[in-house]
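What follows is a short report on a single structure.
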Amino acid sequence: MNGTDRPVTDAWIGESLLYVLRERLGLAGAKDGCSQGECGACSVQVDGRLVASCLVPAATTAGSDVRTVEGLAQDGTPSDVQRALAASGAVQCGFCVPGMAMTVHDLLKGNHAPSRLETRKALCGNLCRCSGYRGVLDAVEKVVKDRAEAAEAEAEPVADTPRIPQQAGPADPTAGPVPHDPLSHGPHHEGPGADPRAGGAV
């Protein structure tokens, strides 16, 4: 259950997954909107597949990986989809939003850049009387844009700064002639008999 073992030992064999989530495990994110699998408010993932938890017998999910809307957050921080839904005004009464968040996560997992039509088709099983769906569509587009920008930023190569050898620069022509170093040309003897042009004795 959301990455943690949550054994349930006192459930009746006929209880739905939705009932066990809410009443046995205290996970109230999934909502009981219709009990017929029509509204999408109870949507969760079982082994990576989106299902209507009101129609799934809890006993059939034993040993499965179940993910609810509570499991979308990481270390207490809402996912990018949850943040986008809140920022776009898609959260009204809040009853259907958990199911929509699960649906959008499922959509973007298989389609990283859905069109508006594809998003509408994915959401056709999620009924909402408050938001009008415009905010949900805007939220999906925001998540797609933000993820694409983040991926592009990570893919940009970091240019290596070329190493410049430490060497003397060109002589400054305005600085005048460099003073002569008598020791730079080998032995130099001064006095009578010395040839200044050869730098040594004659």
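The values are calculated or read from the model by the stated rules, or taken from the named source; none is laboratory data. This is a predicted model, so every value here is computed, not measured. Heads up, the Cβs are rebuilt from the backbone with ideal geometry, glycines too, and the neighbour counts pull from every protein chain shown.
What number of residues within region 20-39 are out of contact with any helix residue (DSSP H, G or I) (no Cβ under 7 Å at 6 or more places or on another chain), over 18 Å from Gly94 (Cβ atoms) and not in a loop (DSSP other than H, G, I, E, B)? Can you show your working first?
From region 20-39, those out of contact with any helix residue (DSSP H, G or I) (no Cβ under 7 Å at 6 or more places or on another chain) are 21-26, 33-39; that's our starting set.
With over 18 Å from Gly94 (Cβ atoms) added as a condition, the list becomes 23-25, 35-38.
Narrowing further to those that are not in a loop (DSSP other than H, G, I, E, B): 23-24.
So the answer is 2.
Scanning region 87-110 for residues that are under 21 Å from Gly37 (Cα atoms) and more than 24 Å from the chain's Cα centre (by Cα) returns Cys93, Gly94, Phe95, Cys96. Within region 1-32, the set of residues being among the hydrophobic types (A, V, I, L, M, F, W, C) and either surrounded by 15 or more Cβ atoms within 10 Å (Cβ to Cβ) or more than 16 Å from Met102 (Cβ to Cβ) (or both) comprises Met1, Val8, Ala11, Trp12, Ile13, Leu17, Leu18, Val20, Leu21, Leu25, Leu27, Ala30. Out of curiosity, is Ala62 modelled with pLDDT under 95 and in contact with a Gly (Cβ under 9 Å, 6 or more places away or on another chain)? Judged against the criteria, Ala62 is not a match.
May I ask you to list the residues in region 33-45 that are without any contact (Cβ under 8 Å) to a residue 40 or more places away in the chain and either surrounded by 15 or more Cβ atoms within 10 Å (Cβ to Cβ) or in contact with a Ser or Thr (Cβ under 6 Å, 6 or more places away or on another chain) (or both)? Correct list: Gly37 only. Within region 111-140, residues that are under 21 Å from Gln36 (Cα atoms) have Cβ atoms under 8 Å from residues that are in a loop (DSSP other than H, G, I, E, B) and charged (D, E, K, R) in these pairs: Gly125/Glu38; Leu127/Glu38, counting only partners at least 6 apart in sequence or on another chain. I'd like the residue in region 79-124 that is of a type in the set (Gly, Ala, Ser) and in a helix (DSSP H, G or I) and, out of all such residues, is farthest from Asp138 (Cα to Cα). My answer is Gly110.
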